[in-house]
1. When residues of the stretch 218-233 are filtered for being closer than 20 Å to residue 62 by Cβ and either assigned to a strand (DSSP E or B) or of a type in the set (Gly, Ala, Ser) (or both), how many remain?
2. Quickly run through the stretch 23-56 and pick out the residues that are in a helix (DSSP H, G or I), under 17 Å from residue 162 (Cα atoms) and in contact with a strand residue (DSSP E or B) (Cβ under 7 Å, 6 or more places away or on another chain).
3. Are any residues in the stretch 65-91 surrounded by fewer than 18 Cβ atoms within 10 Å (Cβ to Cβ), without any contact (Cβ under 8 Å) to a residue 24 or more places away in the chain and outside any loop (DSSP other than H, G, I, E, B), and if so, which ones?
4. State which residue is modelled with the lowest pLDDT when the search covers only the stretch 187-210 and only residues that are within 23 Å of residue 54 (Cβ to Cβ) and open to solvent by 40 Å² or more (accessible area, probe 1.4 Å).
5. Is there any pair linking a residue in the stretch 262-277 that is under 15 Å from residue 218 (Cα atoms) to one that is assigned to a loop (DSSP other than H, G, I, E, B), with Cβ under 9 Å and at least six apart or on different chains, and which?
6. Is at least one residue of the stretch 214-227 touching an Asp or Glu at 6+ places or on another chain (Cβ under 7 Å) and within 29 Å of residue 1 (Cβ to Cβ)?
7. Look at residue 177 and say whether it is farther than 27 Å from residue 61 by Cα and either modelled with pLDDT of 95 or more or acidic (Asp, Glu) (or both).
8. I need the full set of residues from the stretch 177-195 which are touching a Ser or Thr at 6+ places or on another chain (Cβ under 9 Å) and more than 20 Å from residue 259 (Cα to Cα), in order please.
Amino acid sequence: MVNTDEFIDEKVAEIRNDVGDANAVIALSGGVDSSTAAALAYEALGDQLTPVYVDTGLMRKGETDEIRETFDYMDSLRIVDAKDRFLDALADVTDPEEKRHAIGEQFIREFETVAEETQADYLVQGTIYPDRIESEGTIKSHHNVGGLPDVVDFEGIVEPMRDLYKDEVREVARALDLEEIIAERMPFPGPGLAVRILGEVTEEKLEVAREATHVVEEELDEYDPWQAFAAVLGKATGVKGDNRVHGYVVAVRSVESRDGMTARAQEIDWETLQRIQSRITGQNDNVSRVVYDVTHKPPATIEYE
């Protein structure tokens, strides 16, 4: 457990000390990690801070509008439409690590552009301890740690929550009076839906992953999962009406966890799974089947790539 009052005072002072009289930009995704970091940085820096939400085109359904409404109190909030640039960076990329590095580099370039416009020397990130552990080990590169390019045009990167686990971040978020929709929000990967699509990322696959994830989040809300989503695995033969369909296979994943370092697949009743299957295949003509992932972490990771 973290002493939230002491932590907040310490980190606000730390951010002020690190940034000084300079300007900073913060990577704001709308998840609890970056939102908590943004609240700390905003308290520390005020109008020296420019929060930047990058719409990568890899986001959940309605994400951008939700962020715009939630953080409209930050007058300097910037929403950057970078979908085309991210999809171009991911074109023909199929390896999971290459995806993460391509996304990490494109994020940095977007922040550097805003930093140049606002004369900002510092980048604030919502990196947390599990991000560093997995990136510094051999599990996978997080876009904001191991996925960063070698050359970054910032005087410094400030990570006020780099030593916290997810449950501790939520404690700080509550202490900062962040809205429940943010403080209790289930995790969403920084690389977005790109790591829920096996192989190359295309607009068609993105639409399937986005709509299917929306269904899963709605249907499994009553189970209060730590994380629940849908992933696009590949294609398989199916039948719709009297026609053969070579459509996408969608995997549904729902896990319980405390900090994301380990996780257990949830037991979901058959009726709920069938309702999810029916909605996903019914709403997507190019989905031929839906499967449920029963694998814990370890041996699997929570996300697919």
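1. Of the residues in that region, 6 qualify.
2. Within the stretch 23-56, 34, 37, 38, 41 qualify.
3. Correct list: 65, 68, 69, 88.
4. As a first pass, look at the stretch 187-210 and keep what is within 23 Å of residue 54 (Cβ to Cβ): 187-197, 200-210.
With open to solvent by 40 Å² or more (accessible area, probe 1.4 Å) added as a condition, the list becomes 188, 200, 202-204, 207, 210.
Details: 188: 90, 200: 96, 202: 97, 203: 96, 204: 97, 207: 97, 210: 97.
Of everything passing the filter in the stretch 187-210, 188 is modelled with the lowest pLDDT.
5. Short answer, once both residue conditions are applied: 268/220; 272/220; 276/220; 276/268.
6. Residues of the stretch 214-227 touching an Asp or Glu at 6+ places or on another chain (Cβ under 7 Å): 225-226.
Among the residues that remain, those that are also within 29 Å of residue 1 (Cβ to Cβ) are: 225-226.
Checked the stretch 214-227: at least one residue is touching an Asp or Glu at 6+ places or on another chain (Cβ under 7 Å) and within 29 Å of residue 1 (Cβ to Cβ).
7. Working: farther than 27 Å from residue 61 by Cα: no; either modelled with pLDDT of 95 or more or acidic (Asp, Glu) (or both): yes.
In short, no.
8. Once the filter is applied, which keeps residues that are touching a Ser or Thr at 6+ places or on another chain (Cβ under 9 Å) and more than 20 Å from residue 259 (Cα to Cα), the stretch 177-195 yields 179, 193, 194.
The values are calculated or read from the model by the stated rules, or taken from the named source; none is laboratory data. None of these values were measured; they are calculated from a predicted model. Heads up, the Cβs are rebuilt from the backbone with ideal geometry, glycines too, and the neighbour counts pull from every protein chain shown. Side chains included, ligands, DNA and RNA excluded: accessible areas come from the protein's heavy atoms. Shrake-Rupley method; radii C 1.70, N 1.55, O 1.52, S 1.80 Å.
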